[in-house]
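Working notes, structure below.
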Amino acid sequence: MAKLYSKKKLAPKKMLPKKETIRLILQYSCALSIMKVGNLNFETIAN
């Protein structure tokens, strides 16, 4: 049991998004508009 606790844990690999993923999210967020009318929210995507 002592050997299990004495082992060093491996540091998790840093995960970075691809440039395409970031571009897609930014384009989507720029095209998305939310209009609030009373208690309702209307989401529209301008393509």
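The figures follow:
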quantity	calculated
Single condition Lys36 does not satisfy, out of (1) modelled with pLDDT of 90 or more; (2) outside any strand (DSSP E or B); (3) surrounded by fewer than 10 Cβ atoms within 10 Å (Cβ to Cβ)	(2)
Options Ala2, Ala31; residue that is surrounded by 10 or more Cβ atoms within 10 Å (Cβ to Cβ) and either modelled with pLDDT under 95 or in contact with a helix residue (DSSP H, G or I) (Cβ under 7 Å, 6 or more places away or on another chain) (or both)	Ala31
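The values are calculated or read from the model by the stated rules, or taken from the named source; none is laboratory data. Given the structure is predicted, the values throughout are model-derived calculations rather than measurements. Virtual Cβ from ideal backbone geometry, glycine too; neighbours counted across all protein chains shown.
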